[in-house]
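Report on the structure given below.
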Amino acid sequence: MKKLFFFSLLIELIASHAYALETIKLPEPQIDKNLTLYNALMQRKSVRSYAQKELDPQTLSNILWVAYGVNRPDGRRTIPTARNAKDLSVYVANKKGVWLYDADENELKQITAENIMSSFGSQSFMKDVPAVLIYTGSDKDHNFSVMHAGSAYQNVELYAGVTDLGCVVRAMFDKEAVTKALQLPTGQRVIVSQAVGYEIK
Ligand SMILES: Cc1cc2nc3c(=O)[nH]c(=O)nc-3n(C[C@H](O)[C@H](O)[C@H](O)COP(=O)(O)O)c2cc1C
């Protein structure tokens, strides 16, 4: 009996360790200050051809900052939000799980260790994409959250244009599966996603 107790305790310990959710401190964003808006506008495009290469933490930090990071001491962001209510959340999915971007702390908080990449997989290039940004927000208030998502994904598109990155906004995915995996609170919805990776030129 005693043996059985210790055995099940051991199994529980192994299981809880295997599924422990991580918080990752991101490196400070480093954006090349010589990049020009003109070049970004000229080179913005949807990319549908990706190298099989993971995003390193610095690159991920840069992308997230561009999308929705804090750009002033009072905590305001790289995008405008209605009444400064910041009605937008940005998640990152990769094969290790799904993470919520905490811009104030410059951290990624893991929501699940489930690999949901196949939920985005209806187009063939998606098999090579290392990460997907997921934009969520409130389903009320004049659809402001949808507008915020548009601002954030456009920032990423402009940044990708002047780096070795590529991205494409994607409405074509299994929204139901993604909504479930994100465990969104009532009143929150998945708006759109954006595949991000290294472009094959
Ligand atoms: C809201 C939205 C949803 C989109 N969904 C998809 C998609 O599911 N798959 C895809 O390959 N492209 C998608 N796109 C990208 C458009 O197809 C693309 O922007 C358009 O063809 C113009 O090409 P360009 O971005 O290279 O200028 C989407 C774009 C937007 C803005």
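Any read-out appearing in this document is the output of simple, stated calculations on the displayed coordinates, not a laboratory observation. Note that this is a predicted model, so its numbers are computed, not measured. Heads up, the Cβs are rebuilt from the backbone with ideal geometry, glycines too, and the neighbour counts pull from every protein chain shown.
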- Message: Contact order normalised by length for the chain, with contacts defined as Cα pairs under 8 Å and 6 or more residues apart; what percent is it?
- Response: 27 percent
- For each pair in LYS45/LYS127; LYS127/LYS175; LYS96/LYS175; LYS25/LYS140; LYS33/LYS86, compute the distance between the two Cα atoms and list the pairs where it is over 22 Å. LYS25/LYS140; LYS33/LYS86
- Measure nothing fancy, just the Cα-based angle from helix 2-18's long axis to the longest principal axis of the chain, in degrees from 0 to 90, nearest 10. 0 degrees
- Item | Between 0 and 90°, nearest 10: helix 57-68 axis offset from the chain longest Cα axis | 60 degrees
- Query: Where the Cα atoms of the stretch 28-106 are projected onto their three principal axes, how long is each span, largest first, in whole Å?
  - Reply: 38, 36, 23
- Compute the distance in nm between two label points, each set 7 Å from the Cα along the Cα-to-Cβ direction, one at ASP74 and one at TYR38. 3.3 nm
